[in-house]
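J.: First the structure, then my questions, so here it is.
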Amino acid sequence: MGAQAQQSTIIRLAPEDQERGLNGMQKNFFFTTETGTSNPEYRNAGFFGQRLRPYLAGNQEALANLNDYRRQKWLFLAERLTFVGAVGLYGQQVLALDEKQQYFNNTQKAAIGVAAFSLLSNIFISRNTNSHFQRAVEAHNAGLPAARTGVLYQLRPSTVGLAASATGRPLLALSWNLR
């Protein structure tokens, strides 16, 4: 399939992958480019989303989101390796002492601290990882000419924000660009 043909295909995620939200499972996404079939064949996007990259070629916003997803996955792997290393160091310290086993010397305290920090950082790393992948697919599909002809796309606001009224009540501020 050529690069031009890949750029014009709509990408759909597997139903369970569409529903992944914040702090969702850290497993591979599955996608398809088939449309109009009741039972499409979903393909694995790979751990870093590398199998989706050819379909996003030419769409800088989609590629930027996929790069953010890849960065988050590398951080996730580094966090897991740090945790396993800290637990291994603690275990090695407990079993390495010949006289009597100690469970809380200074090296073990440091290992426990690194393991706790690693687990805490996992919360922040995993928080938005899945949304980066989903945004990459959405950016690709929004960039297609067919996607821009829909009424909802034409009516979407160009800017969304919050404003305060004269009485101090919050207001939702929307603006549109006329083309």
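The values are calculated or read from the model by the stated rules, or taken from the named source; none is laboratory data. Bear in mind the structure is a predicted one, so any value in this text is a computation, not a measurement. For neighbour counting, all protein chains shown are included, and Cβ atoms are generated from backbone atoms with ideal geometry for every residue, glycine included.
J.: Find the residue count for region 71-98, including only residues that are closer than 22 Å to residue 123 by Cβ and in contact with a Phe, Trp or Tyr (Cβ under 7 Å, 6 or more places away or on another chain).
T.: Final tally of qualifying residues: 1.
J.: OK, next. Regarding residue 109, is this residue buried (at least 16 other Cβ atoms within 10 Å of the Cβ), farther than 20 Å from residue 140 by Cα and charged (D, E, K, R)? Talk me through it step by step, then tell me what you get.
T.: Values: buried (at least 16 other Cβ atoms within 10 Å of the Cβ): no; farther than 20 Å from residue 140 by Cα: yes; charged (D, E, K, R): yes.
No.
J.: Any idea how many residues of region 123-176 are at pLDDT below 75, farther than 20 Å from residue 33 by Cα and in a helix (DSSP H, G or I)?
T.: Final tally of qualifying residues: 5.
J.: I've got another one for you. Considering only region 17-76, state which residues are at pLDDT below 95, closer than 14 Å to residue 136 by Cα and acidic (Asp, Glu).
T.: 17, 61
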